[in-house]
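The values are calculated or read from the model by the stated rules, or taken from the named source; none is laboratory data. These numbers come from a predicted model, not from an experiment. Cβ placement follows ideal geometry from the backbone for every residue including glycine, while neighbour counts extend to all protein chains displayed.
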Amino acid sequence: MGVLQRVLLSTTIVLLAIIGGFYQIYLKSFLARAGISPSRLVQSLNNKNCKIIPELQACEELILHQPSGLVYLACSTPLSRAHWIPAMEQFNTTGASTTDYVAMYDPATSHVTRLTTSDFNNGRGLSLHGMDVVASTLHPEHLFIYLVNHRIPLGGAPPSDVGADSVVEIFETVLGSTSMQHVKTVADGNAIVTPNSVLGSPDGKSFYVTNDHGARVGFARKLNLIGSKSAFVGYCHVDEGCRPALSKITSTNGITAASNGTIYVANSITGVVEVLERQSDDTLVATDSIKTEYFLDNLSIDDDGQILAAAVPRLPLAGKHMKNPSLTSPTLILRLSINIGSNAFYGEKYKVEKVFEDDGTVMSGGTSASYDSARRKLYLSGIASPYAVVCDV
Ligand SMILES: *[C@@H]1O[C@H](CO)[C@@H](O)[C@H](O)[C@H]1NC(C)=O
Ligand SMILES: *[C@@H]1O[C@H](CO)[C@@H](O)[C@H](O)[C@H]1NC(C)=O
């Protein structure tokens, strides 16, 4: 989720803006994307036929298993999010949750299952953020679960000085099973620094991970607000090691892939979705970009190849919601698709449309969305939201 705290640094921004005198060229569009100007209204769209799933609290990311309709989510507690979100430099270990969990939602029964796991890291537990769930190519019932785990650092150094000891955990499970088994913890000082979201491979052995900042703590990490490009994407293979795969991005958040291998990364601050092609050495090269007018969070792609992006319509409200989850924050989901309309000829290659918008009454603080195109169900969850929602659309 990494973008939202930055608004709280408004003093810094304003100061830098004065120094740089760059209001016209940068800050104005920044404020517009962030929804700080009150002229941006929140409408109601597709929010009538929705059902609350009360058990699914503070689920940062959700992944749909399209063949079965089962939904997997990385969940926590809304209260702990106010204390421990390393991406937002919230480093209160006393209030952190280390008992985060992967939930499975079955739309046929409305039943929520918390996947159990045995202790795999001497009680350090799970403090979850982004996730991916990928079916094995050879055995489609066999699923690999990739989780960003923001562990509390060992050794007593305060996390506000050293940051979280963030890693990517790989688990495996069988479709519909109520437990998951730990496969590996992957840590790397160059490729997994400030992990946000992850894109896993179908063999359980490699993944791409977005790093929303260049450093875990320190002043330099704030400079992406004024255009510094220190965020990056890392690549790891459990047998071959890790390395940076794409460098020099302002900010990164959600990551997803189309079935043909094209990878999409949300650049939260610029509101752009980067279109990336994987090279033979596993690095990524940008081939295109899709512009939106919003701050962006998670991405998912449906069976028809349409990308869903969780946008942040009013950044200040989102910031307040993450500090105090009982304060509502509007939710907006965008759909990005290839433009086949007549204006495609004039260079509008991608179409950006709203598919869900709500002032926070039905769904507050949504950071992740997924669309089941076969069952016409839109799932919404949020990093600090008091519940998840499923809507018939
Ligand atoms: C840290 O979290 C604990 C437990 O929720 C809380 O009592 C305490 O006030 C928090 N400290 C700060 C500085 O927010
Ligand atoms: C891959 O699929 C996406 C989504 O359907 C499409 O937009 C893109 O053009 C495709 N890329 C290639 C190289 O075929």
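Can you confirm whether Leu175 is more than 28 Å from Val352 (Cα to Cα), of a type in the set (A, V, I, L, M) and in contact with a strand residue (DSSP E or B) (Cβ under 7 Å, 6 or more places away or on another chain)?
yes
Does at least one position in segment 105-116 carry a residue that is buried (at least 18 other Cβ atoms within 10 Å of the Cβ), touching a residue at least 60 places away in the same chain (Cβ under 8 Å) and hydrophobic (A, V, I, L, M, F, W, C)?
So far as segment 105-116 goes, no, none of its residues is buried (at least 18 other Cβ atoms within 10 Å of the Cβ), touching a residue at least 60 places away in the same chain (Cβ under 8 Å) and hydrophobic (A, V, I, L, M, F, W, C).
I'm checking my understanding of the structure. Among residues of segment 93-111 that are of a type outside the set (D, E, K, R) and within 16 Å of ligand 1 (Cβ to nearest atom), which one is nearest to Gly156 (Cα to Cα)?
First, the residues of segment 93-111 that are of a type outside the set (D, E, K, R): 93-99, 101-105, 107-111.
So of that shortlist, the ones also within 16 Å of ligand 1 (Cβ to nearest atom) come out as 93-99.
On the way: Thr93: 11, Thr94: 13, Gly95: 16, Ala96: 15, Ser97: 18, Thr98: 17, Thr99: 20 Å.
Taking the candidates together, the pick is Thr93.
Quick one: is Ser368 under 22 Å from Leu56 (Cα atoms), under 16 Å from the mean Cα position of the chain (by Cα) and among the polar types (S, T, N, Q)?
Working: under 22 Å from Leu56 (Cα atoms): yes; under 16 Å from the mean Cα position of the chain (by Cα): yes; among the polar types (S, T, N, Q): yes.
Yes.
Within segment 373-390, can one find any residue that is outside any strand (DSSP E or B), surrounded by 24 or more Cβ atoms within 10 Å (Cβ to Cβ), in the same structural domain as Leu73 (by TED's automatic domain parsing) and not aliphatic (A, V, I, L, M)?
Of segment 373-390, the ones outside any strand (DSSP E or B) are 373-376, 382-387.
Next, from what is left, pick out any that are surrounded by 24 or more Cβ atoms within 10 Å (Cβ to Cβ): 382-385.
Checking which are in the same structural domain as Leu73 (by TED's automatic domain parsing) leaves us with 382-385.
Remaining after also requiring not aliphatic (A, V, I, L, M): 382, 385.
Among the residues of segment 373-390, at least one is outside any strand (DSSP E or B), surrounded by 24 or more Cβ atoms within 10 Å (Cβ to Cβ), in the same structural domain as Leu73 (by TED's automatic domain parsing) and not aliphatic (A, V, I, L, M), which makes the answer yes.
Residue by residue through segment 149-167, note down the ones that are of a type outside the set (S, T, N, Q) and either loosely packed, with under 12 Cβ neighbours inside 10 Å or touching a Ser or Thr at 6+ places or on another chain (Cβ under 7 Å) (or both). Walk me through how you get there before you give the answer.
Pass one, segment 149-167, residues of a type outside the set (S, T, N, Q): 150-159, 161-165, 167.
Within segment 149-167, His150, Arg151, Ile152, Leu154, Gly155, Gly156, Ala157, Pro158, Pro159, Asp161, Val167 meet the criteria.
Can you give me the number of residues within segment 333-349 that are among the charged types (D, E, K, R), part of a strand (DSSP E or B) and touching a residue at least 60 places away in the same chain (Cβ under 8 Å)? Show your work before the answer.
Step one: list which residues in segment 333-349 are among the charged types (D, E, K, R), which gives 335, 348-349.
Right, trim to part of a strand (DSSP E or B) and you get 335.
Now restrict to residues that are touching a residue at least 60 places away in the same chain (Cβ under 8 Å): none.
Total meeting the criteria: 0.
What are the pairs with Cβ atoms under 7 angstrom where one residue, in segment 249-277, is in a loop (DSSP other than H, G, I, E, B) and the other, located anywhere, is within 11 Å of ligand 2 (Cβ to nearest atom)? Sequence gap at least six, or different chains.
Once the first residue is in a loop (DSSP other than H, G, I, E, B) and sits in segment 249-277, its partners that are within 11 Å of ligand 2 (Cβ to nearest atom) give Ala258/Ile301; Ala258/Gly305; Gly261/Arg278; Thr262/Val275; Thr262/Glu277.
Looking at segment 274-325 only, could you name the residues that are within 16 Å of ligand 1 (Cβ to nearest atom) and out of contact with any helix residue (DSSP H, G or I) (no Cβ under 8 Å at 6 or more places or on another chain)? Full working, then the answer.
Filtering segment 274-325 for residues within 16 Å of ligand 1 (Cβ to nearest atom) gives 319-320, 322-325.
Within segment 274-325, Lys320, Lys323, Asn324 meet the criteria.
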